[in-house]
Amino acid sequence: PRGAVARSAEKPSRKESICSVADQQGGGLTGAGTRTIRLLVVDDRPTVRTGLRIWLALEPDLEVVGEASDGSEAISLTQALRPDVVLMDVEMPGMDGISATAALRSLAPQSAVVILTLHDDDATRTRAREAGAGAFVAKHQMEETLLPEIRRVAMAHEKQRRHERQIERHEGSE
């Protein structure tokens, strides 16, 4: 027991190492790794949602606050839970992810959308961008690109919201 404490004091845990790297890379919304990024996971397949939730839970600066199985449910939960980022699949029954992303732009502007899909083609990327997605991640590249894209989009969205609030305050003071 005593030796285990000494070893853990010498060698940081995986979580401490991740926190340190996130801090150095500006992983948190504040750039200091201090704010948790709240996520809503949207995919029609329960196994995909479960896998994403488990994987994202390993990241100290990410928290999955809800899951949805289609675009309509994503809109309702985004309005109720106000996540920082919505991870949105494209192809789902009922309302698809592109339509839900476009709706969220006006219904829940506090949340950024990262499209996460199997459909990695120019037409889908263009539709996602036009709908207002902050990022597009192909599922076959998810392991390398999803986490950095979530953090980048969350930080950019937070900066944009802060800037808009400053403009509103300035216009209100005139």
Just one of (1) without any contact (Cβ under 8 Å) to a residue 60 or more places away in the chain; (2) of a type outside the set (Gly, Ala, Ser); (3) assigned to a helix (DSSP H, G or I) trips up Val137, so point out which. (3)
Please pick out the residue among Arg82, Arg105 that is open to solvent by 30 Å² or more (accessible area, probe 1.4 Å) and at pLDDT 95 or above. Arg82
Evaluate the stretch 33-48: report whether one residue or more is at pLDDT below 50, of a type outside the set (Lys, Arg), under 25 Å from Ala156 (Cα atoms) and assigned to a loop (DSSP other than H, G, I, E, B). yes
Being surrounded by fewer than 14 Cβ atoms within 10 Å (Cβ to Cβ), charged (D, E, K, R) and in a helix (DSSP H, G or I) is the requirement here; does Glu91 meet it? no
Would the stretch 109-126 turn up any residue that is within 24 Å of Arg161 (Cβ to Cβ), without any contact (Cβ under 8 Å) to a residue 60 or more places away in the chain, open to solvent by 30 Å² or more (accessible area, probe 1.4 Å) and of a type outside the set (Phe, Trp, Tyr)? yes
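The values are calculated or read from the model by the stated rules, or taken from the named source; none is laboratory data. Source: prediction; values computed, not measured. Heads up, the Cβs are rebuilt from the backbone with ideal geometry, glycines too, and the neighbour counts pull from every protein chain shown. Areas reflect the complete protein model, heavy atoms only, side chains present, ligands, DNA and RNA absent. Shrake-Rupley method; radii C 1.70, N 1.55, O 1.52, S 1.80 Å.
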